[in-house]
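Undergrad: Provided herewith is a single structure, encoded as structure tokens, for subsequent inquiry.
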Amino acid sequence: MKVCIEVRLELTDKIQFVKGIGPTRSKKFAEHNIFTVEDLLRLFPRKHLDLSSVYSICEIKENDVVTVAGTISRIQSRKTRKIGERVDAFVHDGTGGIQLTWFKSSWMKSKLLQAGTGFFSGKVTRFQGRNQMVNPLCELQGDGGTTAGGILPVYPPYTDISQTQLRKIIRQTLDLCSSNLIDPLQSHLKDLGIIPYQKAIEQIHFPESEVEYEESFNRFVLEEFILFQLAILTLKKERKIETDSSSLKINSKIDQHIRKRFPFQLTNAQNKVISEIVLDITANKKMNRLLQGDVGSGKTAVAIYFLLSLVANKKQGAIVAPTEVLATQHYLSFKETLKGSKVTISFLIGSQTKKERKVQLDLIESGQAQIIVGTHAIFSDDVNYHDLGGVVIDEQHRFGVLQREKLIKKGNNPHVLVMTATPIPRTLTLTIYGDLDTSIIDELPPGRHPIKTIIVKETQRKRAYATIKQEIEKGHQAFVVCPLIEENEDFDYSSATELYKDLKENVFPEFNIGLLHGKVAINEKKEVMDDFKSGKINILVATQVIEVGVDCPNASVILIDGADRFGLAQLHQLRGRVGRGEHLSKCLLMTKKGGGPSLARLKVLEDTNDGFKISEADLEFRGTGEYFGTRQSGISTFKLGNPLRDIKEMIRARKFASYLLNKNYDKEENNLLKIMVEREYRNRMQLGEIS
């Protein structure tokens with residue numbers, strides 16, 4: 001056990017040996033992946049409390065973000081049913097007073113009573129005619145470390161250690177470790193235009209000005225991005241030297257034979273993507289390709305070409321879809337395209353009977369089934385492939401990484417084509433899928449018309465119904481989409497079952513109306529889809545289950561009820577259910593919102609049909625974390641960087657990482673950089689191979 005902790009700390013020391021932490025508290029830190037002294041130093045503040053500029057209370061106004069100082073009085077606490085205990089206090093500084101309120105912070109009352117005075121920082125709002133701050137940051141008298149003119153770090157509340165204690169611990173740790181801090185980018189500081197690591201780590205925690213904080217913040221953002229780009233470019237480089245994937249043969253005879261299966265001419269964009277796929281699978285390496293294409297751009301035809309290329313080389317090919325609706329649509333589409341051929345297609349979904357499933361499993365294991373279509377059921381433990389040569393993962397963001405890994409492990413390093421109809425913002429393609437080769441279908445099949453999108457207020461419902469009636473009387477069909485399956489008193493939105501009943505009995509009694517949602521049995525689902533596609537059903541009322549997988553070229557209008565309840569990308573997918581034929585189509589976005597962010601989002605759809613522009617807007621509205629989801633991307637693992645906000649830094653990092661890998665990455669001066677990449681990303685890179 002170390003006893004000279006005040007004399008020296010090593011970066012690799014466990015934090016339980018840091019004065020003020022100990023074994024018990026170190027367990028709490030471990031829950032947040034903080035194990036060593038170096039991890040502790042990289043526990044960056046989530047914000048700073050700036051006491052260098054204190055405002056008089058009489059100066060401040062609504063929406064100001066300020067720091068005030070004063071005497072605390074009138075402290076009270078009361079319990080509320082919804083949000084637990086609430087603590088209120090009044091602070092005055094001789095020029096005026098302000099109400100302070102803390103929610104879910106019962107401990108604040110005793111702290112305020114003991115302190116008497118303090119600094120308080122936050123956004124000023126108005127409540128019952130007077131200024132207030134809700135959950136302000138505070139530095140109270142007696143906390144220690146409060147200095148007029150100071151900028152104090154505020155850390156995530158990971159343990160019972162107070163902010164003051166944690167500041168002292170990190171200050172002490174920095175002082176004891178300063179001589180051990182080695183800069184992984186030391187040889188590249190001038191080229192990158194960044195400050196040294198030792199200076200940056202000091203300033204990120206204890207800046208003396210906003211300028212100091214910004215230059216240290218920028219240094220660590222760029223460093224994070226460089227590590228990330230080195231990881232994904234290294235992975236991409238490693239893939240290029242893999243030689244254990246099957247090298248397929250695609251000659252002009254095979255190419256022509258496959259193309260004859262399509263009853264239409266492929267677009268230039270489709271042909272370009274097919275050429276890229278053929279180059280991949282005929283080389284002695286594993287294909288890992290991302291195919292992006294807007295709704296209705298013809299990705300399925302490209303997938304069929306790829307799968308038939310596998311069949312031509314006596315390999316099996318599988319395509320997995322996230323829903324039974326989409327899997328069924330693929331199965332029917334493949335059967336139609338391959339009608340009269342000798343290709344056997346197997347269909348595997350979770351709702352099949354044991355007897356039906358057994359038949360399919362035998363076909364797959366024996367090799368009689370050459371193309372396998374299904375949901376996640378196709379990578380269940382009891383599915384054994386004869387010789388799986390390639391996999392198509394459709395709407396890949398709907399699958400977990402480990403689910404995709406299970407499917408890919410069913411074959412011997414199979415080629416992988418990942419498809420998405422949810423366009424990924426161009427500014428983020430190099431971050432999320434930087435390790436994949438990317439193809440884009442940026443051209444719609446001939447004869448398609450742009451969809452006219454109209455925002456419709458709830459008060460204009462009759463007008464929307466009149467539009468639907470006009471389209472049906474022209475011989476076309478319609479979708480009506482609701483955010484809920486059944487009525488829910490917590491949400492004031494139409495449900496599919498209630499609206500179906502109302503349309504059938506009161507609004508359109510003369511038309512045939514169908515109902516489709518997630519709780520409908522698979523056989524009934526198939527019957528409804530077939531009846532809608534054949535024209536027996538005039539209006540299909542559904543939930544977002546039709547977002548992908550329902551293809552009806554005769555549908556020319558879609559009404560999305562409660563449109564403000566859906567995300568932009570989801571609305572774009574739903575809109576793509578129409579406009580798939582030669583008819584001019586309309587999308588009606590019905591909302592009860594009269595303004596605000598919800599209406600602004602819908603306005604984006606009204607203004608453009610470009611999926612990439614929509615995805616950029618969606619990202620701006622929702623932010624990277626929510627847009628991709630923690631489990632889907634490396635983005636949420638960045639401590640400071642935001643690829644949308646810091647896209648220029650990400651591009652700089654990409655260029656630098658590419659230069660380093662091509663020139664002098666193996667030099668001794670980059671050893672620490674290599675170690676950091678390995679430590680930070682090796683496990684994630686292994687999963688990244690299939691994500």
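Undergrad: Go through the residues of the stretch 215-230 one by one and say whether even a single one is loosely packed, with under 14 Cβ neighbours inside 10 Å and on the phi < 0 side of the Ramachandran plot.
TA: Among the residues of the stretch 215-230, not one is loosely packed, with under 14 Cβ neighbours inside 10 Å and on the phi < 0 side of the Ramachandran plot, which makes the answer no.
Undergrad: Out of 110, 121, which single residue is of a type in the set (Ser, Thr, Tyr) and part of a helix (DSSP H, G or I)?
TA: 110
Undergrad: Turning to a different aspect of this structure: Step by step: first the residues of the stretch 357-379, then only those that are out of contact with any Leu (no Cβ under 6 Å at 6 or more places or on another chain) and within 16 Å of residue 327 (Cα to Cα), then the one that is modelled with the lowest pLDDT. Which residue is that?
TA: The qualifying residue modelled with the lowest pLDDT is 376.
Undergrad: Among the listed residues 394, 387, which satisfies the condition of being closer than 22 Å to residue 301 by Cα and either touching a strand residue (DSSP E or B) at 6+ places or on another chain (Cβ under 6 Å) or modelled with pLDDT under 95 (or both)?
TA: 394
Undergrad: Further, regarding this structure: Just to verify a result, which residue in the stretch 466-475, among those that are more than 35 Å from the chain's Cα centre (by Cα) and either of a type in the set (A, V, I, L, M) or part of a helix (DSSP H, G or I) (or both), is farthest from residue 591 (Cα to Cα)?
TA: Ranking the candidates gives 473 first.
Undergrad: Yes or no: the stretch 444-455 includes at least one residue that is at pLDDT below 90 and basic (Lys, Arg).
TA: yes
Undergrad: Then there is this: Taking helices (runs of 4 or more DSSP H) that fall entirely within the stretch 233-338, which contain at least 1 residues that are of a type in the set (Asp, Glu) and in contact (Cβ under 8 Å) with a residue 40 or more places away in the chain?
TA: In the stretch 233-338, 268-281, 324-337 are the helices (runs of 4 or more DSSP H) which contain 1 or more residues that are of a type in the set (Asp, Glu) and in contact (Cβ under 8 Å) with a residue 40 or more places away in the chain.
Undergrad: If I filter the stretch 108-122 for residues that are under 34 Å from the mean Cα position of the chain (by Cα) and either aromatic (Phe, Trp, Tyr) or over 23 Å from residue 164 (Cβ atoms) (or both), do I get at least one hit?
TA: Within the stretch 108-122, not a single residue is under 34 Å from the mean Cα position of the chain (by Cα) and either aromatic (Phe, Trp, Tyr) or over 23 Å from residue 164 (Cβ atoms) (or both).
Undergrad: Quick one: count up the residues across the stretch 599-621 that are of a type in the set (D, E, K, R), under 14 Å from the mean Cα position of the chain (by Cα) and more than 16 Å from residue 563 (Cα to Cα).
TA: 2
Undergrad: Here is a further query. Looking at 623, 629, which one is under 24 Å from residue 42 (Cα atoms), in contact with a His (Cβ under 9 Å, 6 or more places away or on another chain) and at pLDDT below 80?
TA: Checking each option against the conditions leaves just 629.
Undergrad: Scanning for something in contact (Cβ under 8 Å) with a residue 24 or more places away in the chain, in contact with a strand residue (DSSP E or B) (Cβ under 7 Å, 6 or more places away or on another chain), small (Gly, Ala, Ser) and not in a loop (DSSP other than H, G, I, E, B), does the stretch 44-65 turn up at least one residue?
TA: No: the stretch 44-65 contains no residue that is in contact (Cβ under 8 Å) with a residue 24 or more places away in the chain, in contact with a strand residue (DSSP E or B) (Cβ under 7 Å, 6 or more places away or on another chain), small (Gly, Ala, Ser) and not in a loop (DSSP other than H, G, I, E, B).
The values are calculated or read from the model by the stated rules, or taken from the named source; none is laboratory data. As the structure is a computational prediction, the values presented were derived from the model and not from experiment. Using ideal geometry, Cβ is built from the backbone for each residue, glycine included, and neighbour counts are taken over all protein chains shown.
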